Each structure stands twice: as C-alpha cells, then as structure tokens.
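To keep things clear, I will list the structure first and then write my remarks on it.
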Amino acid sequence: MPYTLIIDIAVAVLLVVTIAYAMTLNKRLTRLRKDKKDLESLARTFGESTMRAEENINQLRTVAQALDIQMERAQSLRDDLAFLADRGGSTADRLEELVREARDGLGVVPKPPGASTAEPRPAPKVELSRAEPRRKKSIEGDDGVEPRSEAERELLKALRDAG
C-alpha cells in the first residue's frame with residue numbers, strides 16, 4: 001500500500017473527527033448564546049427588583065420615622081394624662097376635705113350609704129369665705145407652677161368657671 005493512500009485515509013479520519021467536534025462545538029455555542037439571552041433577561045429583572053427593593057426600603061424608613069414621631073407624641077400625651085390623673089386625685093382629696101370641713105361647720109352628719117330618706121332636703125347654702133383661698137390655691141396648683149399642657153389649662157379654666 002502506498003503511503004499516500006494511508007495519509008489520505010488518516011486525513012479523512014481526522015476530517016471526520018474534526019467535523020464531529022465542530023458540530024458539538026456549534027451546539028454548545030448555540031446553547032451558550034441562548035443562555036446569554038436568558039442571563040441578560042435575568043440580570044435586567046434582577047436590576048429592576050433591586051431598584052424596587054431600594055424604593056421600598058426608603059419608604060419603610062420614612063414610615064419608621066413617622067412612627068417614631070407619633071410614638072414621641074403618644075409618650076408625651078401619656079405623661080400629661082398621668083400627671084392630670086395624679087392632679088385630679090389630689091384635687092378630689094382636697095375637695096373631699098373641704099366638704100367635710102363644711103359639714104362639720106354646719107353640724108350636718110352624713111348618712112350612711114344605702115339609707116333612704118322620705119323627702120330629699122335642699123342643700124344648705126354655705127358661706128365658703130374661709131374655704132375660698134384654699135379652692136383658689138388648689139386650682140392654681142400646690143406649688144404655684146403653671147400647668148404643663150393645654151389640656152391641663154383648659155381643665156383648670158373649667159374648674160374656675162364651675163366654682
């Protein structure tokens with residue numbers, strides 16, 4: 001056998017192997033191009049999702065700041081309400097003391113709870129000239145300090161108007 005025939009057969013076999021390899025490589029390149037498009041789509045979607053997430057985080061920060069402000073206001077109102085409740089309790093105690101003094105001054109004996117009377121008596125008119133300075137002092141406060149909140153000022157004004 002001539003050497004040229006052997007070389008031609010070897011070249012033909014190598015060409016067949018090269019063609020098969022080229023076809024495999026072409027399929028892989030086609031898949032890579034398709035995957036590239038999918039990857040670009042995925043990257044675009046990821047970018048949009050990231051932007052939306054950043055916007056939502058900014059909105060959450062804004063809402064959190066608004067809630068912090070409302071919490072501070074609520075805390076302030078709670079403190080004012082607790083102060084007013086304490087002041088109301090001490091004012092009620094002072095009023096009770098004034099009523100006792102007025103009863104003692106008139107010689108009126110309070111009836112026990114549950115006792116009924118046939119005919120209610122009108123309340124006696126009491127001269128509170130000596131109780132007046134105490135009442136005024138209790139409205140202004142024990143220490144003469146101005147009220148802390150507008151609600152307290154309104155309450156004190158209502159008490160002055162009622163008395």
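Throughout, read-outs are computed from the coordinates displayed, never taken from laboratory work. All of these numbers come straight from a predicted model, not from anything done at the bench. We place every Cβ from the backbone using ideal geometry, glycine too, and count neighbours over all the protein chains shown.
A crude spin-label estimate for the pair residue 67 and residue 101, with each label 7 Å from Cα along the Cβ direction, gives 5.2 nm. What the Cβ-Cβ distance of residue 25 and residue 52 gives, at R0 = 30 Å and to the nearest 0.05, is a FRET efficiency of 0.15.
One way to sum up the overall shape of the stretch 25-116 is the equivalent ellipsoid from its Cα gyration tensor, whose semi-axes run 81, 14, 6 Å, largest first.
Full extension of the chain between residue 38 and residue 3 yields a length gain of 7.4 nm, computed as 0.36 nm times the residue separation minus the alpha carbon distance.
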